[in-house]
Structures are given as structure tokens and as C-alpha cells.
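The values are calculated or read from the model by the stated rules, or taken from the named source; none is laboratory data. Everything numeric in this text was worked out from a predicted model, so none of it was measured. Backbone-built Cβ (ideal geometry, glycine too); neighbour counts: all protein chains shown. Heads up: the accessible areas ignore ligands, DNA and RNA and are worked out on the full protein's heavy atoms, side chains in. Shrake-Rupley method; radii C 1.70, N 1.55, O 1.52, S 1.80 Å.
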Amino acid sequence: ELMKNGILANQNQNIDYDTATILAGELGFTVQREEKEVLRQAQDEEEKDKALTEALSKIKNSTPRPPVVVVMGHVDHGKTKLLDAIRSANVIDTEAGGITQHIGAYQTVWNDPKTKEARALTFIDTPGHEAFTVMRSRGAKIADIAIMVVAADDSVKPQTEEVIKIIQAAKLPFIVAINKIDKEGADPTRVRADLAQRGIQSDEWGGTVPMVEISAKQNLNIDKLLDVLLLVADMNVEKIQADANMPAVGTIIESHVDKGMGPVATVLVQAGTLKQNDPLVVNNEIYGKVRAMKDYLGRSLEKALPSTPVQIIGFKVAPEVGDILDVSRAGGAEKIDVRQKKGLQTGAEKQTIVVREEGATDAETKHTLNLLIKADVLGSLEAIIGSMEKLKHEEVGVKIVGKGLGNITEDDVNKVEAGQAIVVGFNVSATPIAEQLMQEKNIVFKRYDIIYDLINWVKEDLEKLLAVEKITTEIGRIKVLAIFRTDKNAITVGGRVEEGKVFPNTLARVKRGGLIIGTGKITQCQVGQAVMKEVVQGTECGLRFEGKAKIEVDDVLEIYKEESKSRKLILNN
Ligand code: GDP
């Protein structure tokens, strides 16, 4: 069967998944891929949970620390607006201290209504962040208190229900912020009733959950909400404690690669104190050391106490959001070496760096979706245009090249060219001549009668315009010890795996004296005569490298994988 398909393979060779699928199909079987990835992720999660619990269990002399608060709720119910309102409610003049930085969390100082003393509260502020969706449940785990936002004009929605589940699973104390009470159609009683139906009873109705009616937009009752937050913190004071006199333990809540500074990540210190020059031990690996720390106002810090979010410079590789930092494990660094020597998973695979496709991100190359919009009445047209204006993003956007009322006419169509703009009709159609003309000119015509659907389509199309994100995973490092054979576009080398591992169908950067001199593909790995699926650290092997680089002895091959991932539209308003 293999030969019939033009594949010459001997008994010991592996065939890839696609080939196996075709082959099995021809032989009357179906092939199922092992769900290793799903399993790995679950194990990963579990390991991180364990690492955190273990690290936090070393706490000896606990003292109260600021509560960590997470804001959750259905999209558009006002999480971002509320976080902004709380940020500016700070009783300390923040602008005097620095400029607001979005590092994934911030602190607000609020006067305790009883004691009148100033108290800090830490807020995780990444509700729209893609990574946060991934770590939503983790967000609930690292927080002490949740604020569930429910818009008074919209009440309980699917994500609200999801949040209820997450909060309950994490046994997290929470309060409900009934937002947008300034709006016409706001019905806080309905929100209370809808929540009661799902077992969330307002304390005013004899239940236990505090609910505060607010308007994040008009800054209404934000003070009351903060008072209630401090009350809830006091009721849970025995849990909201940490030992500040131990090596720092925390969770990575933000991570990215900065063009100038390299990997930058924010850690929320959960126990202990993080200091300058502390080793950054993540997942039991040393990722670097603290070279500089900044708070949410961009001010440099010498040390970070429990519940403080700090942005750290000094990572050699970017950690993942949700990773655990545990400085106390620095002494185990030798242990890691041993693990590596045995060729066990080194964690090098997790060194994921996100880069953007070149040239697609600059403001001047901003991609726009050009629309000519016609609607039946002025009210709809204004509403549509209003919604479009809100779709703000630095890389993509909507440009309205024409607008008007009534059916789409020949005149309208003559204004646009194919591929340059899309014609949208809201509750209107096209005249027969216009329709024919659009067909001839290959112009896309979309009809909608629900604004929500129209906006959703626009969002989806904008997403398609977003540059693809490339995810690079580092796999291993090989030192070249010998050159066996040089072909026109390939070279066979011998080398030793110094770090991680190597396997076929991976990419390789060729480095000489620290500089990249070329890239290519690893197509085959061999140890002695045996073709290998994988060669681990410490082993000498032969590699076939396809690429133009003229590899020499002593060069280093950095093995990596690259995946493209389409990005989600995260609007910055
Ligand atoms: P998120 O998706 O939950 O983060 O929601 P946003 O904070 O982005 O808010 C969604 C929309 O609701 C924005 O247009 C806000 O201006 C608006 N909004 C938020 N809070 C209020 C409020 O209290 N009153 C009114 N009228 N609008 C609000």
C-alpha cells in the first residue's frame, strides 16, 4: 500500500499521521490521533497547582496582605470601565508618582470606612486579554475575592453563568456589581431575581451575597463597592495572609516579548518578598534573574511584598501566563541539570515566544475594511456607524467609504471597486441594475437586518485582517562536531545535543559566535546507523539539514518549531 502511494519505507521507519490516515482508510480502518496534547495540558495545570500549593504551604509567620480582586462578567457588561473607575478612585495621588502602566494588575488605595486607615487592594486588570481567557480559572485561583459584573439592562448572560461556575468551583468569596444603572431600561431587581434563580441570593433578600448597584461610566457607588470589598476582605482575613519573610512565590499574570527589552513579564507576588537579583525560578527552571522591577505606575521597586504585581525585566525567555515563580527552588538548580542529563523533559519546549509577522503591524500598514453602508432609516445608519467607530484597534479598522439611505443604486456601485470595498445593505436591497453591476464588477454585497449580526460579521472580518501570530517553541541546542557530507541545498552534520532534544521536521537556526548565519530544516536524525524519531540531550547524532547555510564545525544549531495562529480581535476601547 505504501508503495502504491509512492512511499518507499522500510519496516523500521515511521510514517506520518496523514499518510497513516490515508493508508488505514484504504485498508478499511479509521485512525484516531492520541489526545496527548490535551492530557499534557491537564497535567501541566495540575503540576502548577501543586507547585503553588506546596510553595505557599511553607508559610510560617503570616500577616495580612492586600486582597487580590478579579473582575469577571459577560462581555460588554463593563469590566474594563469598572477597572478604570476603581483605578481613578485611588486616594493616593497616583499621577504624582508615575504614569499608569498596563502590566496586568494594579493597586488602589482606599480608606477603610471603619478605621479610616488607608488600605491597598490589588486588581487583576486583564479581563479582555486573550491569555486571561485561558487562565480564567487560574485568575479565580490567584484571587481572594471576585467582583461579578452584571449589566442592569442585560441581566444574566451565558458568560455570567460561566463565571458563577468558576467562582463556585474556586470557592471564591464574591460580590455582585450591578452595573449600568444609569441606563434607560436598567432593571436591578431583575438582575437580583435572575441571580436568585441560579442560587445567588442578594444579602438584601436574605441571602449572603453583597450586591452593589453602580455605574462605572458615571462613577456612581464605586466608593460603596470598595467599602464592601474591604468588608468582605475582613471577613476572610484568615485566608488573606502571607509570610513576607521568605523567598518569593507568585504567578505570572502577563508575559510578552518587548522589541527593545526582550521578554518582560508581570508576576503577582503571593507570598514572600521578591528582591533585585533574585533568581527567576519558573517551573523549576532558572529563567533569569531580577534585573529591574517596576510597579503599575512605572516606578522602580527594590522589593515587592505579597499581593504586589510587578513587571520584571531579566527573563531570558518569556514565561507563560499562569506559570509559577518560586525563588526558594533556586537551590534545586543542580537537580535540574541532573534531570536534563537523563534526557527528561527539560521544559525547554515551553519557551514560547510570540512574534508578529514582519511588516504587518506598523501603523502605516494598518489594514482597513472598507465599507459602503446603506440603511433604511437614519436611526439605524447612525447606530451602525456609531458601532463601527467603537471598533478601535491599532492594527485593523473599519473605514466607511460611503453611506446613505435607501436601496443600493447604480450610482453607489460605481463609487466602489472590487476588492477595495464591500457594499452593505441594512434593511435595504439593491436595485436590479445595481445588483447586476456588482456581479459584473465582482463586488461583495452583504445584507443584514440585525445590527448585532452586522457588527459580528465586521468583527470576524477584521480578525481575518489581523496579521497571523507566529508561535516559536524552542526545542534544543546542538553543537556541530563534524561535517559528513555537503550537497547542493543540504548538509549532513554530526553533533551533540547539548540542551533539550532534536527530532525530524523541525527548524534550525545556525549560529556562529552568537550570530545567526542562516536557517533551515532538520529532515533526518540518526544515531549510528539507526534513524531516530528523537535524539535527547547528551547524545551524539547525525543530522540532515536542508538549507543554504554553510555549516562549519563548532557552529550551534538551535532547534525550534513554528506555528501560525490566527489572532483574536481584542479591541482597545
Ligand atoms: P467589558 O467587555 O465587560 O470590559 O465592557 P466595557 O467596560 O468595555 O464596557 C462595554 C460598554 O459598556 C462600553 O461602551 C462602556 O462605555 C459601556 N459601559 C460600561 N459601564 C457602563 C455604565 O455604567 N453605564 C453605561 N451607560 N455604559 C457603560
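For this structure, a couple of remarks:
- Fraction of accessible area attributable to carbon and sulfur, region 185-271 (%, probe 1.4 Å): 49 percent
- Here the Karplus curve 6.51 cos²θ - 1.76 cosθ + 1.60, taken at θ = phi - 60°, turns the phi angles of region 552-565 into couplings of 10, 4, 5, 5, 10, 9, 9, 8, 8, 10, 9, 10, 9, 9 Hz, with x standing for Gly and Pro.
- DSSP-assigned coil residues among trypsin sites (Lys or Arg not before Pro) in region 219-300, each with at most 14 further Cβ atoms within 10 Å: Lys239, Lys259, Arg299
- Carbon + sulfur, % of accessible area of region 427-573 - ligands and nucleic acids excluded, 1.4 Å: 49 percent
- Packing around the peptides 72-81, 481-490, taken as the average count of other Cβ atoms within 10 Å per residue, puts them in this order, highest first: 72-81, 481-490.
- Local charge for Gly207 was computed over the other residues whose Cβ lies under 13 Å away, with Lys and Arg +1 and Asp and Glu -1, and equals 0.
- Spin-label pair Ala120-Val531: with each label point 7 Å from Cα along the Cα-Cβ axis, the two points sit 6.0 nm from one another.
- Accessible area per residue, Å², region 510-551 with all protein chains present, probe 1.4 Å: 57 Å²
- Listed cross-link partners Lys116/Lys157; Lys403/Lys565; Lys488/Lys511 are compared with a 31 Å cut-off, the Cα-Cα value being larger for Lys116/Lys157; Lys403/Lys565.
- Per residue, the average separation of C-alpha pairs within less than 8 Å and at least 6 apart gives region 488-573 a relative contact order of 37 percent.
- Sequence-separation-based contact order of region 384-522, relative, with Cα cut under 8 Å and 6+ spacing, percent: 15 percent
- Each Cα pair under 8 Å and six or more residues apart adds its separation to the average, and for region 166-249 the resulting relative contact order is 27 percent.
- In a fully extended conformation the segment linking Lys511 and Met3 would gain 179.0 nm over its present Cα-Cα distance, using 0.36 nm per residue.
- Sorted peptide list for 367-376, 405-414, criterion being average Cβ within 10 angstrom, highest first: 367-376, 405-414
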